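K.L.:
Here it is, the structure in full.
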Amino acid sequence: MRSAGASGRRAAARAGPAPPPPPPRAAVRLRGSRAPGAGREGGSERSGKRGRPRGSVGRRRARGAAAAAALNPPGRSQHCGAPALLPGRGGPPAAPSPSAAGLGAPRRRPASPPRGGGGEGATMPNFCAAPNCTRKSTQSDLAFFRFPRDPARCQKWVENCRRADLEDKTPDQLNKHYRLCAKHFEASMICRSSPYRTILRDNAVPTIFDLTSHLNNPHSRHRKRIKELSEDEIRSLKERKTDEAHPEQEPAHPETNHSGASAAGPEGGGAGRRPPAEEPAPLTQEEQENKDYLKSLFEILILMGRQNIPLDGPEADEVPEGLFAPDNFQALLECRINAGDEVLRRRFEATAVNALFCSRAQQRQMLEICESCVREETLREVRDAHFFSLVTDEAVEVAGEEQLPVLVRFVDEAHNLREEFLGFLPYEADAELLAVQFHATVTEKWGLNMEYCRGQAYAVSGGLSAKMKLVATRLLEKYPQAVCTLCSAWALNVWLAKSVPVAGVAVALGTMEEVCAFFRQAPPLLLELDGVIAVLFQSSEEKGRQLRELCRSRWTGRHDAFEVAVDLLQAYVLCLDGIAGGGDGGEGGEGPARRSGAVIGRAVLLAGALADFDFIVTVVVLKNVLSFTRAFGKNLQGQTADVFFAASSLTAVLHSLNEVLENIEVYHEFWFEEATALAAKLAVPLGLPGRCGRARRGRPEAELTPESFYKEALSLPTVEHVVQELKDVFSERHLRALKCLSLVPSVMGQLKFNTAEEQHADLYRGDLPNPDTLAAELHCWRIKWKHRGKDIELPGTVRDALHLPDIKFFPNVYALLKVLCILPLMRVEPERGAGGRRRLRAYLRHTLTAQRCGSMALLNINLDIKHDLDLMVDTYIKLYPAKAEGSEGPEGLLPPADPQPPERA
């Protein structure tokens, strides 16, 4: 029996060249290679009767590899007549040519590169598709990016590549089979969110290409066919490359450049060369020293901002007579000079003895530039995210003025919800003027496009609440998509109580916060309070234990804050009376001799404020009125499913409050009896508040009783205000937005996947990339989770859904989830996105009111942002050119000292 190998060799001898005829080098054949049709894919080789023995598979693969090496030896590039390109090497996988098949080239399975474009593929490397670029992922740590699917952007990429063979490819083909390495993109186009992730910006276009190096060897053949360039284009590219390679030689030989330009082309005059004005002139030694000097000043300011060091030093009356104590900025300058900063030393030696080294005016100007640069880094991320929400926090005193902190919410590139501090907004007494200034600051000064604002919230109290409500109304009139919602940083009951337009309510809230802070700041006092609670709650030890734990927390911000206040009122009053009267302090507490007069005096004031009938009635009424919204508000700050179902329970809450409003006499009678009983325990007499007597002075009206007075002045306005606020905040648009939370798979599961998101998603139809396919996409989204595997858990939050690996396959769902995530009502993860608000509160808590500065606050709160010192220096020189050009005083580039420096920075 003749072997299959002998028959294969005779078949190869009889076989002629396969049509069409291959290129000359394709005819080169190794000894022992088979003819076309007799390779691995031939029918005879695959039959069971005439096939080769299994032991010859290795020899057959070796001969195929040797034949492929003969066709494409190392160092020679493939051409259009060579075998088909492999995936990821600048061309799509194609059927093997007859010559390659005849030589038994091994068949390779196309390797699918990893998602995201960067890194090394699972089985094959990525090759750059740019002309004259031979980089691949196995030889460098460069990131490789797919061609975009967007037709417009993909067309720009192809045009810049100048490859003729890519012009007839579709965007899907280019996205699937072609890559460009990071060397062809400017640094501003690349985002490095982490050391393990490199992505492109949405508008990134490659602009760095080598289109002329192949012209040095015109006889070489290139696998990547470059589109023919005109003579002017070739000349311009070559000259630009020469200029970039030898920039320092041009100023040294101006006559050579001039003569070369005259012979550059037939037209004369150096056609194609860039004009000299486009090339930045080299800096002189004096200019470079001035830039280095300004950079040192900016470094000191940034250090002071990050470490929260005030600019001003000790006051003049605090320094002993005859001594000079510089401010903190001047002291750090001298410390840096002594540490070896030669630039600062030379500038200091050149200044006059009695001149300011850096004036207060210049400090203010440099701080403004630092503030704008730091804010711009945050705003750049906000613009990349497109959609955002604005949150206004409680008014604070900064630099002697009342100002409003403004924070922005957005979803970053890592799909994390973040809340960052943008700056302070000056407070205006007139509400209409405040609305105008708020809009102008956000749009004109900060450069945010309010068309992309999808939510707004104001976490303020007192009279400012009504003014911010008007601001939100004016913004909503201009931008209907900017839905006004509750802020997740505040509990609903606390927010409602702080906005009640009753003077006694604001006083009661302030007293509660002072008492809570008084005991939390002194652990020995907490031990005394624990002893009092243990005595009062002997019959209910579990409740006593819970109250002792609450005393060590900020219970004034809880949903049940007024219930806790009523339960702890007797314990607080007895403990404060003991501190004020000089008690023994209890076990482990401070004795009367060890307490300071300030502690005793404050205890006396707080005890008097708590043992007041007006305070008792106010707390009891707030507890009973807000008990109807307690569960509703708690669900709003719960999980995503709780928020969704809370939107459906608002109708029941309003119905209950309206019933209370209709029968206010009956409800107020019960509330007043409860307040009277609590006052009797504390031996507090009934009576009218002092403000009532002053208001009725000179009015011959009938005598008011405490019960009727508090009904008209407290109970009725409180219930009416709560009902109106719930209607205003939870508008129809707001409720429709919350109904869209049924997109979250866990909510779908609780609804048995019987949801109708299409009815509510029309609210954001203009924000969807493909609104026409929304219904079909939502159907696929429901089917995906309804028929999931048993071991797959449903994502429970919007953030979990955004982090799904296949979320980009549902573009409309992805866009809706991003918009829903930034609503101010949605909870921010403390460890991931609430850093801005947390650092803002820390700055306000640890900084004295007289030392607060808006610019320094922004540097301290956004301490994780990288600072571009060169950009700051260039910005300063551009903004103050007169001071940077002709100054010959002791400060060189710097402005002269102000005779009366301003106090604000």
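K.L.:
Do we have any residue at all in segment 791-802 that's open to solvent by 10 Å² or more (accessible area, probe 1.4 Å), modelled with pLDDT under 90 and over 26 Å from Asp412 (Cα atoms)?
P.N.:
yes
K.L.:
Among Gln724, Gln759, Gln750, which is the only one that is of a type in the set (S, T, N, Q), closer than 30 Å to Ser461 by Cβ and open to solvent by 70 Å² or more (accessible area, probe 1.4 Å)?
P.N.:
Gln724
K.L.:
Hey, another quick one. Filter segment 855-866 down to the residues that are surrounded by 17 or more Cβ atoms within 10 Å (Cβ to Cβ), of a type outside the set (Val, Ile, Thr) and farther than 17 Å from Phe329 by Cβ and list them by number.
P.N.:
Leu858, Asn862
K.L.:
Tell me, yes or no, whether segment 831-838 has at least one residue that is closer than 22 Å to Ala737 by Cβ, aliphatic (A, V, I, L, M) and open to solvent by less than 30 Å² (accessible area, probe 1.4 Å).
P.N.:
The answer is yes; a qualifying residue exists.
K.L.:
For segment 138-169, which positions are farther than 17 Å from Leu200 by Cα, touching a Pro at 6+ places or on another chain (Cβ under 9 Å) and either assigned to a loop (DSSP other than H, G, I, E, B) or hydroxyl-bearing (Ser, Thr, Tyr) (or both)?
P.N.:
If the condition is that a residue be farther than 17 Å from Leu200 by Cα, touching a Pro at 6+ places or on another chain (Cβ under 9 Å) and either assigned to a loop (DSSP other than H, G, I, E, B) or hydroxyl-bearing (Ser, Thr, Tyr) (or both), then Thr138, Gln139, Arg162, Lys169 are the ones that fit.
K.L.:
Considering only segment 502-529, state which residues are touching a Gly at 6+ places or on another chain (Cβ under 8 Å) and not aliphatic (A, V, I, L, M).
P.N.:
Scanning segment 502-529 gives Pro524, Glu528.
K.L.:
Is it true that some residue in segment 658-665 is surrounded by 18 or more Cβ atoms within 10 Å (Cβ to Cβ) and not β-branched (Val, Ile, Thr)?
P.N.:
No, that holds for no residue.
K.L.:
Can you find a residue in segment 517-524 that is farther than 30 Å from Gly462 by Cα and in the same structural domain as Leu605 (by the TED database)?
P.N.:
Yes, segment 517-524 contains a residue that is farther than 30 Å from Gly462 by Cα and in the same structural domain as Leu605 (by the TED database).
K.L.:
Turning to a different aspect of this structure: Please work out which one of (1) modelled with pLDDT of 90 or more; (2) under 30 Å from the mean Cα position of the chain (by Cα) is the condition Ala776 fails and give its number.
P.N.:
Status for Ala776: all satisfied but (2).
K.L.:
Here are some residues: Ala571, Ala561, Ala580. Which one is under 22 Å from Val625 (Cα atoms) and of a type in the set (Gly, Ala, Ser)?
P.N.:
Ala561
K.L.:
Now for a different question. Take the residues in segment 483-498 that are among the small types (Gly, Ala, Ser) and modelled with pLDDT of 90 or more, then tell me which one is nearest to Val722 (Cα to Cα).
P.N.:
Here the answer is Ala497.
The values are calculated or read from the model by the stated rules, or taken from the named source; none is laboratory data. Everything quoted here is computed from the prediction, not taken from an experiment. Counting neighbours? That spans all protein chains shown, and the Cβs are built from the backbone with ideal geometry, glycine included. All accessible areas refer to the heavy atoms of the entire protein, side chains included, with ligands and DNA or RNA removed. Shrake-Rupley method; radii C 1.70, N 1.55, O 1.52, S 1.80 Å.
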